[in-house]
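Only the coordinates and a few stated rules stand behind these numbers; no lab work does. Treat the numbers as computed from the prediction; the structure is a model and nothing was measured. A quick note on method: Cβ atoms are made from the backbone with ideal geometry, for glycine too, and the neighbour counts reach across all protein chains shown.
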Amino acid sequence: MGELTVPPSGDGIESVELKSALEERYLAYALSTIMHRALPDARDGLKPVHRRILYGMRLLRLDPNTAHKKCAKIVGDVMGDFHPHGDQAIYDALVRLSQDFAQRYPLVDGQGNFGNIDGDGPAAYRYTEARLTEVARLLLDGIDEDTVDYRPSYNGEKEEPSVLPAAFPNLLANGSQGIAVGMATSIPPHNAAELCDAALYLIGHRDATSEQLVESFVQGPDFPTGGILVESRASIVESYRTGRGGFRVRARWAKEDLGRGTWTIVVTEIPYGVPKARLIEKLAELLQEKKLPLLADVRDESAEDVRVVLEPRARNVDPVILMESLFRLTELEARIPLNMNVLVGGQVPRVIGLADALREWLDHRRVVLQRRSRFRLGQIDRRLEILGGLLIVYLDLDEVIRIIREEDEPKPALMLRFTLTEVQANAILDTRLRSLRKLEEMELRREFDDLTKEKQGIDALLDSDDLQWKSITKQIRDVKKTFGPETKLGRRRTTLENPPDTAGIDLTAALVEREPITVIVSNKGWIRALKGHVADLSGVAFKGDDTLKIAFPSETTAKVLVLASNGKVYTLDASKLPGGRGFGDPIRLMVDLDDGTEIVSALPYQPEGKLLVAGSDGRGFVAPADAVVANTRKGKGIIGLDGDATATILVPAGRGDHVAVCSSDKLMLVFPLSELPEMARGKGVRLQRCRASTLVDACVFTLAEGLPWRDGSAQPRLASAQVLEKWMGHRADAGALMTRSFPKFEGFGK
């Protein structure tokens, strides 16, 4: 019997701490995603899947001048030899490399249905065919000449390049998008001719900054779909300096006259990465929801080129305002992010600026040049060795023939007789008889001289930095010539423009259908908007024991100013108020209201109007309405309050010459409005002396027309100038009691 083996303890199960096992596995996954999937190499601008597709197509000899081959064959070969992932993932990457609306300089020339700008998908890979483009040929140029390192494929059967020679600035020219673990990359496409100019400048000025390159050469991204870049110059420079930022891109449009005063807007270029079908869908949706009052209709008349027709609601609509409203609400304006997170040297993920990205490419081109030159030197040395042997033979052909004919082992005899190497002896023995004519000897001598001269040139090149950079300069100039501004593919498509000045335009009117509404605020701070101007509010229901506090007519395009007891004014858009079917919504949900504060007053905002603001302690002032409007949920602090005082009054002060104020103990005072200061914020001055009481109401009115006031009846009342004589005084007086003349007084106003 054989020797018994002792089984491992615990049935071969090893105990591992879950935390450390998870950390180890997740780190391995994260590194794999960063290095081998999501981030591009700074040198050739490619991720592994794209590099493998191009290399696989090269092995299939799918050069730009050859016939197309089925994509199924390409995908199958790439998946079987290099990329052991889903066939659909490989095909999706292949399709994107061929789409002229996704790639600024397509790397694959596709034949068949490869999708479109509407967002439709491609045909299955059994129906489509592909080959490499001239750009891809440049990326692969010299790959067979030991210019790059190779690594074993996933199964160790074949070898794949770890980077391509990249005679084209692909990283920036075509851009890249990817999401890894804990990091992402987003590089928009650029103009190759501009990148070549910047690279040539960098060769002569190694310390040039990204700012200098942007100022002189690289204007900004150049998208395959065109469009207009409306980012400020300072922002563009900063983005390229840090490698992080973003670019606002707008659709290109033009006004098209149809005669008799009618016109339409035609959009011919849309922002990069926006599917046209989704854009049209969103426009139609907004039209249906009545959020685009200036627009009547949208039609897609695109064929080969983009043509989206926008019909205005009326002839007198301003096309600029119409387009500005569309830019705000739709993807006719998009923000393209910039995050130049790349694998520097193929190893380290880092965010780099424009100058560093171009330096990485240039340094790689230099390494490629040196390796290619050394490879060529090796070829020349091997050929010179053979030629040297052949030329020796021609000096004594008869002796060579004698040795070959008479010797049993001609090779060692030849090596001994003429002092030849084994390589030279083999070359002589392999020479055909027809090559022994005199003419052939002259050819060999000429070839020997030419190769010797070429060898001297390569030696000089490898010894001189200047010669190397001169050679790279020539290569880059050739690339620039191929993709220059005068070529169809090379001319800039995205233009840089300043957006029109819309500071003085109220875009709310363009974005909201103008309709009359009645705004209702309850005592508990709930707000809603009834359709139309409703005079009789007796039928309006409230939640629980809540009651009506304020009601006023307005329009959907207006803003509503709300004063809280803490002295802050909040701004609400009337178009966003809940409808009148329910009880509305608490104002608390719409703004950041502090605990313990209540809604005191609300009124419609009048541009360039004036408002009287006052607190319970009798202090107040006149404020310009424009200074009170707040753009955020936090509101704007307007009136400063001391001790237990609260804000109580916010009333219009634009029309009128006198102010009437009333305290809680029914003391009223009337004084000229001119006695109050106008200020944007502060504590103000004393309106009425309130010793043991508080200020509860105020009104700005024209004395000649009389003071409007309310009692329990439905009819508003007016107090004439004669009646008010008893209460006339100056600011900060105590006032007089409102007995007899103001029975059942409820408040000022109609």
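Okay, here's what the table says:
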read-out	value
Sequence-separation-based contact order of region 181-245, relative, with Cα cut under 8 Å and 6+ spacing, percent	38 percent
log10 of Debye I(q)/I(0), alpha-carbon scatterers only, for region 513-748 at 0.07, 0.12, 0.13 Å⁻¹	-0.22, -0.68, -0.80
Cα-based radius of gyration of region 194-287 once divided by 2.2 N^0.38 Å, which approximates compact folds	1.50
The chain: radius of gyration and largest Cα-Cα distance (Dmax), Å	41.1, 152
Residue 610 long-range amide H proximity, modeled H, under 5 Å	625, 653, 654
Positive-pole candidate from 694, 279, 605, dipole of the chain, charges at beta carbon	694
Label-point separation in nm, residue 377 to residue 318, each point 7 Å along Cα→Cβ	7.0 nm
Pairwise FRET efficiency - residue 348 versus residue 597, Cβ, R0 = 45 Å, nearest 0.05	0.25
Theoretical FRET efficiency, 1/(1+(r/R0)^6), r = Cβ-Cβ of residue 27 and residue 296, R0 51 Å, to 0.05	0.30
Residue list for region 211-255, given a label point 7 angstrom along the Cα-to-Cβ vector of residue 487 and an amide N cut-off under 17 Å	222-224
Fully extended contour minus Cα-Cα distance, from residue 466 to residue 207, at 0.36 nm per residue	91.6 nm
Potential lengthening between residue 746 and residue 268 on full extension [0.36 nm per residue; Cα-Cα distance subtracted]	165.8 nm
Distance in nm between pseudo-label sites at residue 515 and residue 307 (7 Å out along the Cβ direction from Cα)	3.6 nm
Percent RCO, i.e. relative contact order, over the chain, from Cα pairs under 8 Å lying at least 6 residues apart	9 percent
Amide H partners (placed H, <5 Å) of residue 191, local residues excluded	222
Ellipsoid equivalent to region 27-187 - semi-axes via the Cα gyration tensor, in Å	22, 19, 17
Span from the region 720-743 Cα centroid across to the region 349-402 one, whole angstrom	107 Å
Extension reserve of the residue 150-residue 415 stretch, reckoned as 0.36 nm per residue once the Cα distance is removed	91.6 nm
Karplus (6.51, -1.76, 1.60) ³J(HN,Hα), θ = phi - 60°, over region 616-628, in Hz, Gly and Pro reported as x	5, 7, x, 9, x, 6, 9, 10, x, 4, 5, 7, 8
Whether region 252-331 is rounded, prolate or oblate, judged on the alpha carbon gyration tensor where a/c under 1.5 counts as rounded	oblate
Debye log10 I(q)/I(0) for region 345-423, one point scatterer per Cα, at q = 0.16 Å⁻¹	-0.72
Region 612-646-region 176-251 distance, computed between alpha-carbon centres (Å)	47 Å
Cα-based shape type of region 79-160, given that a ≥ b ≥ c are square roots of the gyration tensor eigenvalues and the cut on a/c is 1.5	oblate
Over region 538-619, equivalent-ellipsoid semi-axes from the Cα gyration tensor in Å	21, 18, 13
Virtual spin-label span in nm between residue 18 and residue 434, 7 Å along Cα→Cβ	8.0 nm
Region 34-124 shape via C-alpha gyration tensor axes, a/c threshold 1.5	rounded
Placed amide H near residue 585: partners under 5 Å, 5+ positions off or other chain	527
Region 360-482: radius of gyration and largest Cα-Cα distance (Dmax), Å	20.0, 63
About the Cα centre, charge dipole magnitude for region 443-596 (Lys/Arg +1, Asp/Glu -1 at Cβ), debye	440 debye
Quarter of Cα convex hull surface for region 615-750, i.e. mean projection, nm²	8.9 nm²
Mean Cα-pair separation over length for region 262-320, i.e. relative contact order, pairs under 8 Å, 6 or more apart, %	43 percent
